[in-house]
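Remarks on the structure that follows.
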Amino acid sequence: MTAKRRQIWVFGDYRNYFQNRVTLQLLSRATDLARKIDAEVCAVVFGDKVDEWVGEYIAHGAEKIYRTDHPRLAAYGVETYTLLMERLVKREKPEIVLVGATAFGREFAPRLAKRLVTGLTADCIGLDINGEGLLVQMAPSFGGNLVAEIVTPERRPQMATVRPGTFQEIPHDYARTGEVVDVPMPRDLPADRVRLVQSERCPQRDQKLEDAKVVVCGGRGLGSKKKFAKLFELAELLGGEVGATRPAVYADWADHNALVGQAGKQIRPQILFCFGISGAIQFTAACNGAKFVIAVNKNPNAAMMKRADVAIVADASQFCAALIQEFKKRFRS
Amino acid sequence: MLKLVVCIKQVPMVSELPWDPKTGNLQRDLAEGMMNPACRSALDAALRIKEAVGGEITAITMGPPMAEEVLREAIALGADRGVLLTDRKMAGADTSVTSHVLARAIEKNCPGFDLVLCGLATSDSETAQVGPQLAEELDIPGVTYVDELEIRDRTVRMQRIADYFLETLEMDLPGLVTVMAGRHAPRYVPLGGLQAAFAEADIVSLDAAAIGIDPERIGAKGSATKILNVFSPTEGKENIVLTGAPKRIVEQLFERFDDRIGSALGRDLKTDKRSS
Ligand SMILES: Cc1cc2nc3c(=O)[nH]c(=O)nc-3n(C[C@H](O)[C@H](O)[C@H](O)COP(=O)(O)OP(=O)(O)OC[C@H]3O[C@@H](n4cnc5c(N)ncnc54)[C@H](O)[C@@H]3O)c2cc1C
Ligand SMILES: Nc1ncnc2c1ncn2[C@@H]1O[C@H](COP(=O)(O)O)[C@@H](O)[C@H]1O
């Protein structure tokens, strides 16, 4: 008899599907991790009429789906979901369970981990497998100033919640097939002690800056509203968004919606330009997720320059103008 | 009378602290402490309930002896008593262990409690896990991300925003809520509050043995997770410095990084040298 293959599970969090792609992002990462430990990528879907999500998850990389489809699961209820998941994990014994760090995920995963008597790392910004085959869970600590690498050496499953936007989903392929395992709804569910009385969709929050792949940020070092305005030109050219530090917002060079930082928005672009920004913690804590950082500052010793991939010692607005020119040239050719 | 329990953590006031490269733990002893902002909101919510329908508030904290300060502050603001859980063996606890210790202490010191209030998250570890795990330990229902709450008979009615939904929920008591930070106006210490906090404060201090928990289950030893390494996100970055005239820097930038920039932008930036 062959031993059962190890499994990596992704919890199917499909509420608000079109803004919340975290499950698909996790399936993508799980596929990479699974290769390193020879595991099977599975998704777990609870809900009422979930075929659509089952199809989506298979198209995005799940090889197997555990599904419980029942009218009582129409609303996300943390108690019922925890109980179903607890039983399923105990039965199937996955090696790893990944949950998106949505509001629901961050309520559900801690309770699940407690019941399973295992560890859980919150709000990870990276996942990997180390030499011993353990899941390395990278979590920000201290307002994002530091990153801790955490493992769960003995307990199983290894569990993490992962911040949305950390990984890139793989393109869907509706020709893919997967196995669907139906898990019956238990008959002995206790009555819910928490009841959802009313739920309405919030007015859509403007998410453009948070989701932007390219962000051009400016600070006090730009010196004037006119010079700051150059950033809009650059951002438009690159298909990105403009962010600003607090002094820039206070000076009315940019709208309050553009504020990046502790008091403003959290960003995680593929590329971040910082013009005339000193790099105060209240600002940098909100952009640790940026993949590639280019900082421009007159002062080579500014904190922002130390944490950039490329630190450019120059006048911010002059450099911005030169950069715009070069991009225009290259986009034309 | 309603029995309310507020879990309060003392957190360092500064945002950058040195960490111990060997253990990966932050050297918290080097900073001044303050009440975690979300815990302050939880306390505020409890004080409002007390003002509206009456109740007795117990503030509870686990931490070094100096964490007693946050209990005195809570009493000054209107809490009735404080419980300090302090024991060297508790150091390095993860959220599972912390919630275990808090739960056993609550059962012991606040039997028959009605509502436990926690902050949503702490400013130093930001896990937001202790609240939900404490609810598990106490085997009671729990609701996180709470903005507003109101108690009627044996039911709490609350509002929260979660994943773009504005929800109204009801929970049976006993139960637990975690409260969002920054929802309430600052409170000022009422007349007599300071006196209550310092002259006659009702504060008990308990160690692991007094709470009756297994020493194997607490502190770093009982934690399922281990910190392998702590690093600054900037470490390992190449940090290339470019200087000179702007035009010249732009050239260098594209010579060295056109691939990285191009892939980040999702377009090909290579110019055909001959045609340009
Ligand atoms: C509770 C609290 C919350 C806060 N929240 C936020 C927040 O959400 N977001 C935020 O941004 N800030 C926030 N701050 C403020 C933060 O501490 C910093 O003061 C702010 O980020 C600094 O903005 P800056 O970099 O634009 O300005 P500065 O710190 O003044 O830096 C300007 C930089 O520009 C450089 N410079 C000057 N001239 C030029 C030139 N010609 N060309 C190139 N470079 C030049 C200088 O060398 C300097 O490094 C908060 C502060 C507190 C206390
Ligand atoms: N050491 C502690 N003592 C008392 N309460 C705590 C402690 N740690 C966490 N809590 C409670 O749990 C909440 C969430 O903490 P955390 O999970 O660390 O983000 C806090 O706001 C507190 O209400």
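Name the residues whose placed amide hydrogens come within less than 5 Å of the amide hydrogen of B:G82, ignoring near sequence neighbours (fewer than 5 apart) on the same chain.
B:A59, B:D202, B:I203, B:V204
Would you mind computing, in nm to one decimal, how far apart the modelled labels at A:A75 and A:R187 are, each placed 7 Å from Cα along Cα→Cβ?
In this crude spin-label approximation the distance works out to 2.6 nm.
Roughly how big is segment A:7-182's charge dipole about its Cα centre, with Cβ charges of +1 (Lys, Arg) and -1 (Asp, Glu), in debye to the nearest 20? Please list the in-between numbers first.
On the way: 21 positive and 24 negative charges, 99 e Å.
Value, rounded to 20: 480 debye.
Which log10 I(q)/I(0) values, to two decimals, does chain B give at q = 0.07, 0.12 Å⁻¹ under the Debye formula with one point per Cα?
Cα-only, vacuum Debye calculation for chain B: -0.36, -0.76.
So if I take the centroid of the Cα atoms in segment A:201-249 and the same for segment A:79-152, what is the distance between those two points in Å?
34 Å
Counting only residues 5 or more places away or on other chains, whose amide H sits under 5 Å from the amide H of A:V180 once H atoms are built in the peptide plane?
For A:V180, the qualifying residues are A:I65.
Given segment B:161-220 reduced to its alpha-carbon atoms as identical point scatterers, what log10 I(q)/I(0) does the Debye formula return at q = 0.18, 0.20, 0.29 Å⁻¹?
Debye curve over Cα of segment B:161-220, log10 I(q)/I(0) at q = 0.18, 0.20, 0.29 Å⁻¹: -1.01, -0.97, -1.19.
Can you work out D for segment A:209-332 in µm² s⁻¹ from Stokes-Einstein, where Rh is the Kirkwood radius over C-alpha pairs, the temperature is 37 °C and the viscosity is 0.692 mPa s?
Numbers: Rh = 13.8 Å.
Once the numbers are plugged in, D ends up at 237 µm²/s.
If I take every Cα pair under 8 Å that is 6 or more residues apart in chain A, average their sequence separation and divide by the length, what percent do I get for the relative contact order?
On the way: 670 pairs, mean separation 45.9, N = 333.
With pairs under 8 Å counted, the relative contact order is 14 percent.
Quick check: net charge around A:E200, other residues with Cβ under 13 Å of its Cβ, Lys/Arg +1 and Asp/Glu -1?
Working: positive: A:R201, B:R160; negative: B:D163, B:E167.
Result for the neighbourhood of A:E200: 0.
Looking at B:M90, B:T168, B:A121, which one has the Cα that reaches farthest to the positive end of the dipole of chain B (charges on Cβ: Lys, Arg +1; Asp, Glu -1)?
B:A121
Identify the chymotrypsin sites (Phe, Trp or Tyr not before Pro) of segment B:135-192 meeting these criteria: DSSP loop state and at most 12 other C-beta atoms within 10 Å of the C-beta.
Listed in order of number, the matching sites are B:Y188.
Among A:S199, A:V180, A:Q168, pick out the residue whose Cα is farthest towards the positive end of the charge dipole of segment A:163-204, where Lys and Arg carry +1 and Asp and Glu carry -1 on C-beta, about the Cα centre.
Of A:S199, A:V180, A:Q168, it is A:S199.
How many percent of Cα pairs in segment A:1-113 exceed 23 Å?
Numbers: 1386 of 6328 pairs.
Tail of P(r) above 23 Å: 22 percent of Cα pairs.
Set the Förster radius R0 to 35 Å, insert the Cβ-Cβ distance between A:F232 and B:D268 as r into 1/(1 + (r/R0)^6), and round the FRET efficiency to 0.05.
Details: r = 24 Å, r/R0 = 0.70.
Result of the calculation: an efficiency of 0.90.
When each pair of different Cα atoms in segment B:50-117 is counted once in the 1/r mean, what is the Kirkwood radius in angstroms, to one decimal? Display every interim value, and only then the final one.
On the way: mean 1/r = 0.0775 Å⁻¹.
After inverting the pairwise mean of 1/r, the radius is 12.9 Å.
Please go through the residue pairs A:K4/B:K221; A:K225/A:K328; A:K227/A:K298; A:K4/B:K226 and name each one whose alpha carbons sit more than 26 Å apart in this structure. Walk me through the intermediate numbers first.
Details: A:K4/B:K221 32 Å; A:K225/A:K328 23 Å; A:K227/A:K298 15 Å; A:K4/B:K226 28 Å.
Pairs exceeding 26 Å: A:K4/B:K221; A:K4/B:K226.
Per-residue ellipticity at 222 nm for the protein assembly as shown, helices alone: DSSP H runs ≥ 4 residues times -39500 (n - 2.57), over residue total, nearest 500 deg cm²/dmol? Intermediate results must be reported in sequence, preceding the final value.
Details: 17 runs with 183 residues, N = 609.
For the protein assembly as shown, the value works out to -9000 deg cm²/dmol.
I'd like the antiparallel share, as a percent to the nearest 5, of DSSP beta bridges with both residues in the protein assembly as shown.
Working: 39 of 115 bridges.
Close to 35 percent.
When the Karplus curve 6.51 cos²θ - 1.76 cosθ + 1.60 is applied with θ = phi - 60°, which whole-Hz ³J(HN,Hα) does each residue of segment A:99-115 get, with x for Gly and Pro?
Each residue of segment A:99-115 in turn: 10, x, 7, 7, 4, 5, x, 7, 8, 7, 4, x, 5, 4, 4, 4, 5 Hz.
Using the reciprocal of the averaged 1/r over all distinct C-alpha pairs, how large is the Kirkwood radius of chain A in Å?
On the way: mean 1/r = 0.0457 Å⁻¹.
About 21.9 Å, per the Kirkwood formula over Cα pairs.
About the Cα centre of the protein assembly as shown, how large is the charge dipole given +1 on each Lys and Arg Cβ and -1 on each Asp and Glu Cβ? Please answer in debye to the nearest 20. Walk me through the intermediate numbers first.
Working: 78 positive and 79 negative charges, 351 e Å.
It comes to approximately 1680 debye.
Under the Kirkwood approximation for Rh and a Cα-based Rg, what ratio Rg/Rh is obtained for the protein assembly as shown?
Values: Rg = 25.6 Å, Rh = 25.9 Å.
Ratio of gyration radius to Kirkwood radius for the protein assembly as shown: 0.99.
Run through segment A:131-217 and list the chymotrypsin sites (Phe, Trp or Tyr not before Pro) located in a DSSP loop whose Cβ has at most 12 other Cβ atoms within 10 Å.
Working: sites: A:F142, A:F167, A:Y174; in loops: A:F142, A:F167, A:Y174.
Passing both the DSSP loop test and the Cβ count: A:Y174.
Set Lys and Arg Cβ to +1 and Asp and Glu Cβ to -1, take the dipole of segment A:209-332 about its Cα centre, and tell me which of A:G261, A:C217, A:A295 lies farthest positive.
Checked the options; the winner is A:A295.
For segment A:126-195, with only Lys/Arg (+1) and Asp/Glu (-1) charged at the beta-carbon, what is the dipole magnitude about the Cα centre, in debye rounded to 20?
Working: 7 positive and 10 negative charges, 72 e Å.
Value, rounded to 20: 340 debye.
Read the figures in this text as sums done on the coordinates, not as results from a lab. None of the values given here were measured: they were computed from a predicted structure. In this analysis, Cβ positions are derived from the backbone assuming ideal geometry, glycine residues included, and neighbour counts consider all displayed protein chains.
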